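Each value in this text was obtained by applying a stated rule to the coordinates, not by laboratory testing. Owing to the predicted nature of the structure, the values given are computational and were not obtained by experimental measurement. All Cβ positions, glycine included, derive from the backbone under ideal geometry; neighbour counts span all protein chains shown.
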Amino acid sequence: MDSLRLRARRLRNFATDAERCLWQHLRLKQLGGYKFRRQVPVAGYIADFLCPELRLVVELDGGQHSERASYDGRRTAVLESAGYRVMRYWNDDVLLRTSDVLEDILRKLGEVQVQRAARGKSGDKGKI
């Protein structure tokens, strides 16, 4: 198993309180029926949460990330250039305003689904 996958497994086993909290709401397709995976390798990085169907990455930032704004910016740029959409939340927001975070993620999932459907329809024009 490669080092990125091993690191992802280790991160799953030692999740933060915020990651555990959000995962309880994302797992088993509880949010809008969308499947999420946690601590998964994506484009050379480990995404906190990924909805593979819509290529949506949800990242949680906390104390361990506060000094890493430039790193997070580069990471987001790489993920977006690979075709992923990235949403970021502070750990405190997940823990203290869980329903607001979930509503925001669900709204974004809906937007991405509509955009994807619109692209699919326009891409079908002219096909027999």
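List of remarks:
- Environment charge of Leu11, counting only residues whose C-beta is closer than 9 Å and scoring Lys/Arg +1, Asp/Glu -1: +3
- The chain: DSSP helices with Cα axial extent of at least 20 Å and average Kyte-Doolittle hydropathy no lower than -1.0: 98-123
- Matching label, semi-axes √(5λ) of the Cα gyration tensor in Å computed from the structure shown, candidates (1) 45, 15, 12; (2) 52, 14, 10; (3) 26, 18, 14: (3)
- Measuring r between the beta carbons of Gln24 and Ser3 and using R0 = 35 Å, the FRET efficiency lands at 0.80.
- Here the sum of -39500 (n - 2.57) over DSSP H runs of 4 or more residues, divided by the residues of the chain, equals -16500 deg cm²/dmol at 222 nm, to the nearest 500.
- When you restrict to C-alpha pairs under 8 Å that are six or more residues apart and normalise by the size of region 3-123, the relative contact order lands at 22 percent.
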